[in-house]
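Data block below; observations after.
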Amino acid sequence: MLPLQLAVATSSFRQPLRQCIDTAARTGASGVLFDARAELPVADYGDTARRQLLHELDERRLKVAALTFPLRRPIHDPEQIDRRMEALRSAMKFASLLRCRLLTISAPRTAADPESREAQRIGDVLEELARYGNHVGVTPALTPVGDPPEKLISILANVKQGPMAVDFDPAGCVRSGRDPVRDLREYATWLGHLHLRDGIHGRDGDGKETAVGRGEVAWPELLAQLQEIGYRGWLTARRTDGDDPAGDVTRALEYVRRVTLGG
C-alpha cells in the first residue's frame, strides 16, 4: 500500500499564522497548504521572512504541500488580466522558494464554442502559466468548477508549454451533483492534489460542505481508487464551514488513516 502524504489547510484553523503552524503540527500532518493571497501575501515575504517561515516549518517537520491563489474573477477575464497574470507568476515563484511544487487555481468554465475568442484566451492564459511554471518548477493545478471531466481534460491536453494538473475537490464534486469516484477515475493521469472535504448535494442544486465521513463522498472507494492509480501526491484536509473547523480537520486525517488501514 502506498503511503499517504497528509496535509492540512492552515486557513481552517482561523488563527494567526504562527499558531496555525503549531496547530498543524499537532494534527500529525506532514504538510500544510497556505493561501498565497490572504495568509502569505508575496509582498510581505522577503528573504528574511521566508527563511524564518521555512525554519519554523522545518522545526515542526512540516513541508509546504501547496499554495492556493483564490481569484476574484475568472482566470481569463480580460479585465485586469495582466495584473492577474503577474500576481499568479509571483505566487508560483514564491511557491518555488518555499520548496513547494504546486499552485492551485480555480479552473475556468469551458467555453461553449471551442473556436471562440474566449476559448482562445483560456488557452493563452494556461499556456503562459504552464510556461512560467515550467521555468520555476511549479505546476499549476486547476480546481474543477462543475464541468464534466472531459471538458477540463480537453483544455489541459492542449497545453504544450509545461505540465498542468488537476486539484480535485470531492466536496465540490458532490455539491455539483457529480460522482467523485467516477470523476476521479477520469482525472487519474492528471491528478496533482486532492482535498479531504466532504459534502452533500442539495435539492436546490447548491449543496453544502460537511465533516469528512458525514457527507456523500464514498471515501473507502475513493481512497482505494487513489491506491489503484498509484497516486503519490498530497491529500489536504480543509474545512471552510462548521462550528469546529480545526477539530473537523484533525478528525478528517484520523478518518482517512482509519479507512486506509481498514479500521
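The values are calculated or read from the model by the stated rules, or taken from the named source; none is laboratory data. Quick caveat: nothing in here was measured; it's all calculated off a predicted structure. Neighbour counts run over all protein chains shown; Cβ positions are idealised from the backbone, glycine included.
When Pro163 is tested against the conditions (1) surrounded by fewer than 18 Cβ atoms within 10 Å (Cβ to Cβ); (2) under 15 Å from the mean Cα position of the chain (by Cα); (3) not polar (S, T, N, Q), the lone failure is (2).
Being aliphatic (A, V, I, L, M), buried (at least 18 other Cβ atoms within 10 Å of the Cβ) and either at pLDDT 95 or above or farther than 30 Å from Gln227 by Cα (or both) is a property that holds for Ile21.
Matching residues to (1) among the basic types (Lys, Arg); (2) surrounded by fewer than 18 Cβ atoms within 10 Å (Cβ to Cβ); (3) in contact with a Cys (Cβ under 9 Å, 6 or more places away or on another chain); (4) over 29 Å from Val181 (Cβ atoms):
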{"site": "Met92", "(1), (2), (3), (4)": "no, no, no, yes"}
{"site": "Arg99", "(1), (2), (3), (4)": "yes, yes, no, yes"}
{"site": "Leu103", "(1), (2), (3), (4)": "no, no, no, no"}
{"site": "Pro114", "(1), (2), (3), (4)": "no, yes, no, no"}
{"site": "Ala130", "(1), (2), (3), (4)": "no, no, no, no"}
{"site": "Asn134", "(1), (2), (3), (4)": "no, yes, no, yes"}
{"site": "Thr139", "(1), (2), (3), (4)": "no, no, no, no"}
{"site": "Gly146", "(1), (2), (3), (4)": "no, yes, yes, no"}
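Can you pull out the residues in the stretch 26-40 that are of a type in the set (Lys, Arg) and either assigned to a strand (DSSP E or B) or farther than 15 Å from Glu59 by Cβ (or both)? Hit for the stretch 26-40 is Arg37, nothing else.
A quick yes/no check of all residues on (1) over 24 Å from Gly146 (Cα atoms); (2) exposed (fewer than 14 other Cβ atoms within 10 Å of the Cβ); (3) of a type in the set (D, E, K, R); (4) in contact with a Phe, Trp or Tyr (Cβ under 8 Å, 6 or more places away or on another chain):
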{"site": "His195", "(1), (2), (3), (4)": "no, no, no, yes"}
{"site": "Ile200", "(1), (2), (3), (4)": "no, no, no, no"}
{"site": "Ala211", "(1), (2), (3), (4)": "no, no, no, no"}
{"site": "Leu226", "(1), (2), (3), (4)": "no, no, no, no"}
{"site": "Asp244", "(1), (2), (3), (4)": "yes, yes, yes, no"}
{"site": "Val256", "(1), (2), (3), (4)": "yes, no, no, yes"}
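Screening Asp124 against (1) closer than 20 Å to Gly162 by Cβ; (2) surrounded by fewer than 17 Cβ atoms within 10 Å (Cβ to Cβ); (3) of a type outside the set (A, V, I, L, M, F, W, C); (4) modelled with pLDDT of 95 or more leaves a single unmet condition, (4).
Yes/no per residue for (1) in contact with a helix residue (DSSP H, G or I) (Cβ under 6 Å, 6 or more places away or on another chain); (2) touching a residue at least 40 places away in the same chain (Cβ under 8 Å):
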| site | (1), (2) |
| --- | --- |
| Gln5 | no, yes |
| Arg14 | no, yes |
| Asp35 | yes, no |
| His55 | no, no |
| Asp58 | no, no |
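Tell me the residue from Ala91, Ala95 that is modelled with pLDDT of 95 or more, in contact with a Phe, Trp or Tyr (Cβ under 7 Å, 6 or more places away or on another chain) and either of a type outside the set (A, V, I, L, M) or closer than 20 Å to Gly137 by Cα (or both), please.
So the residue among Ala91, Ala95 that is modelled with pLDDT of 95 or more, in contact with a Phe, Trp or Tyr (Cβ under 7 Å, 6 or more places away or on another chain) and either of a type outside the set (A, V, I, L, M) or closer than 20 Å to Gly137 by Cα (or both) is Ala91.
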